[in-house]
1. Select the helices (runs of 4 or more DSSP H) contained entirely in segment 1-93, then report the ones holding at least 2 residues which are over 42 Å from the mean Cα position of the chain (by Cα).
2. Considering (1) farther than 20 Å from PHE202 by Cβ; (2) free of Cβ contacts under 8 Å to residues at least 60 places away in the same chain; (3) touching a helix residue (DSSP H, G or I) at 6+ places or on another chain (Cβ under 6 Å), say which one ILE58 fails and leave the rest.
3. Could you list all residues from segment 832-859 that are out of contact with any Lys or Arg (no Cβ under 9 Å at 6 or more places or on another chain) and buried (at least 21 other Cβ atoms within 10 Å of the Cβ)?
4. Considering segment 335-379 alone, what residues qualify as being of a type outside the set (S, T, N, Q), loosely packed, with under 14 Cβ neighbours inside 10 Å and under 20 Å from ASP395 (Cα atoms)?
5. What is the residue count in segment 155-195 for residues that are assigned to a helix (DSSP H, G or I), at pLDDT 85 or above and over 40 Å from the mean Cα position of the chain (by Cα)?
6. Please work out which residue is surrounded by the most Cβ atoms within 10 Å (Cβ to Cβ), limiting yourself to segment 607-627 and to residues that are at pLDDT 90 or above and either more than 23 Å from LYS771 (Cβ to Cβ) or in contact with a helix residue (DSSP H, G or I) (Cβ under 6 Å, 6 or more places away or on another chain) (or both).
7. Return the total of residues in segment 311-361 being among the polar types (S, T, N, Q) and part of a helix (DSSP H, G or I).
8. Restricting attention to segment 483-500, and to residues there that are modelled with pLDDT of 90 or more and not in a loop (DSSP other than H, G, I, E, B), which single residue is nearest to VAL31 (Cα to Cα)?
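The values are calculated or read from the model by the stated rules, or taken from the named source; none is laboratory data. Everything quoted here is computed from the prediction, not taken from an experiment. In this analysis, Cβ positions are derived from the backbone assuming ideal geometry, glycine residues included, and neighbour counts consider all displayed protein chains.
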Amino acid sequence: MLTQWYLDAANTLLAQTVQLNIALPEMVVLVPNFQAGQLLVRALTQASGRAVLLPPQILTLPAWAETVVLEDIAVLPDSRRTVLLYQSLKQHAWFDEDALWPMSLELGRLFDELTRQALGLPETAEAFGEQLAMAYGTRTQTAITFEACLVHELWYALVARPQEGVSPAALYVMQLAALARTASVPLCVLYESSLDRQERLFLTAYAHRQVVIRLPAPQGDDATACLRVAWTKGSSLHARAQELACRMPGSPWQGRLQLTGTYGLESEAQAAEAQIRLWLAEGRQRIAVVVQDRLTARRLRALLERTQILVADETGWTLDTTVASAGIMRWLDTVRADFPYPDVLDLLQSQQCCADWQATQREQVISHLQGWLRKHGPVHGWSAWLAVMKAHAVDDPLHQVLLRLHHAAEPLLSQRERALPAWLDVLEDSFRQLGGLMHLSQDQAGAQLLTLLSTRKQELRHVSGLTLNLQEFCRWLDHALQGAQFVDSRVDSPLVFTHLAASRLRDFDAVLLLGADARQWMPSGANSVFFNQSVRATLGLSTQTELLEQFEQDTAALLAHAPVTRVLWQLRQGDEDNPLAPGFERLDLLHQMAWGTSLRDTSLLQWVRPGLAQTGTSAGSPRPVAHTRLIPEQISVSAYRSLMDCPYQFFIRHVLGLSAQDDIRADMVKSDYGQVVHAILHDFHRAFPRVTDLSTDAAEAALQAISRTHFSRFSDQDFFVRAWQARWREKIPNYLQWQRDREQDGWCWHEGEIDAARTWAVDDQHHVTLKGRIDRIDSGVHGWSVLDYKTGATNTLKQDAKSADESVQLAAYAVLAAQAVGGDAMIAQAAFVSLDDVATLTVAVDESPPMIAACSAERLVSLFKAMYAGTPLPANGRTTSCARCEVRGVCRRDHWLA
């Protein structure tokens, strides 16, 4: 919709060249961005009627200023200025050390604004100093708050030192002065409203020596007038709406602007992807996504690239969010934390560690190390890792990896303080020994990272008097990476991710605004962590209100020039409502008052995956069908229980085989305690099948000794081990009394930890085998007793015993016990042995063990028949089962029940 404006601008320029009797190349045209320059060249070619046209010099004002070389002017890089500010703040000890780097960066930004607000257009370095001194004297009288005084004093102290050089902001002002002083060609300016104070002063000064043509901004249509009415503060919005409706019987925004609230990040990203695909299907090519929400933008980009839709991302992202930066910071964090095992495992899984190794070789080392840690327990501290390294042969890959970590960490582990360039040398050498430097150089973001660090090393080499420890260096590096931008320049696509200021005078077929909520759709220039708006006002700097005016002007221009715009935002952030940005809220309210309809539109949500659009109906639980080839022929008792509790859990864990690996635990937990108690009782009863043959003291001493042996296999430094051991020792007398009572009732320990299995035919082609390990079988006058030790809550065991046909465990063990002691053996009792309470209790099933065993076997066969017949395995777990289910993330129960 800007095509006609560019043609008018081109005709104006051509007419001016005739009037001034010059050729186009003898004129300079200032544009807000280079994309606008390309559109102007196209319009000039069309307006001239020529096939080939020599265009004028088309530049942005900063790019033109960079062509000016000022002799004898030293420049103070931003990085060196930040370090000098840090040094000054640290010496005064006014603030916490954690805040010094971010405060130094924010002070630097404020200094640039102060410099540009304070200066006119100085012609010489001496004039520059005089203007600074005058501004300092004037502002000293008004800077009454501590924060304002701090900023002002540090600013003047820094910029008034010529030996350090001028800041890039001051250099820019001086370059503008030089351009104005040597003005030699006519100048044309597009979109003058985006210029700041110094830049407008420059135009005034330039006009004293040469012609300056100021092209008016594109005139808005009825839609622009509607925006102006909605966003202008003053009289009643209702009255303005009625007046607008009288002037415009039809809405200028109907069909051009839709406001769509979504239900979270994924929903917003999917809605954005759907809208872009719909626009592409309509033949729209030049599509802009104006990004205020970087997280959603990254997810949207991933969704688009999955379907081969490429994105030219002009916004980029901060370098610290790239994989390259994460690898370096992960390494430094691991060293600083003294190599905790989770960090070491995470580091080894990174491609930046041992990048010269084959992926399979690295995976084998990681698998071996994980197994070693599960067996021997977690490791923390470099001295402990050295012991692990020495426990493996020199040619063992794990030994070689740990040795490489040792050599790479040595220079970092030194307690010395170093200057920043020295730290950067140490970091480079350390990462080279780690094997990650080559990987960084082959990655685009990694290459930019290495270039950044090399540049910083050169810029900071003359800083004296400041040395940092490792922690301070890591803080500096973290903020340096946050302040650097990574832009992937390899992609050329008509679909662009951009920011609002970069959209000025650009022509798009469609515009998508991402993250248009009240929290994010606002200017970011005046946001401050340490210095609030009152401090900025005291210093004479632009405030949020002034920046908001420019922001709204840019938003209005973008909307007015786009044929169609979709505005997206998330309705909720966590547990809180997330309202639409006030400007769009007022526009929608005005639209309803004037024309009786809302601009809000939910039709796009039909393209969002069910469950994310929250339509009020459940998307339904997953109901997979097990492929015949994947149905297991053997299942354990726990797998049988999984099948009963939740068929979908059984499908994930035992059909697909996606069970999670055991965690490497630093502390003893209840499951470990249960396993130790099982082993203790098994060893004790093997040694003493009849407790009544021992005296009370002898039995207790024997059980205590066996218990100490088993608990000693765990670290005696673990508080939880000592706590669990003390808990078990308290239960020993009661357990022995329970055992004596049981022997008096005619039961005698027969065998423990028995591996048993039983097989049934499912049909002519398939069979199923149930296998399990029985904790204990006792013999008695009336038959056999199968016992299962439990350290869980007694009330839960009682519930399971009452519903033994559903909880499966005791019924399945009864089946296996009959097989273990003899095919037709009589199982007279099936019971849990509760070891949780003070008193040891027998919790037996109420029904006949042979009957529940037969029912359990029959049901197992029928379930497998149904599986082979293609019956779905739905996720229908009980809440109690789902609460501790390890496949809950795959099932997504919380989403389909929402």
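1. 3-20, 34-48
2. Unmet condition: (1).
3. PRO849, ILE852, ALA853, SER856
4. Of everything in segment 335-379, those that are of a type outside the set (S, T, N, Q), loosely packed, with under 14 Cβ neighbours inside 10 Å and under 20 Å from ASP395 (Cα atoms) turn out to be ASP356, ALA359, GLU363, GLY371.
5. 8
6. So the residue we want is ALA626.
7. 6
8. Per the stated criteria, the residue is THR498.
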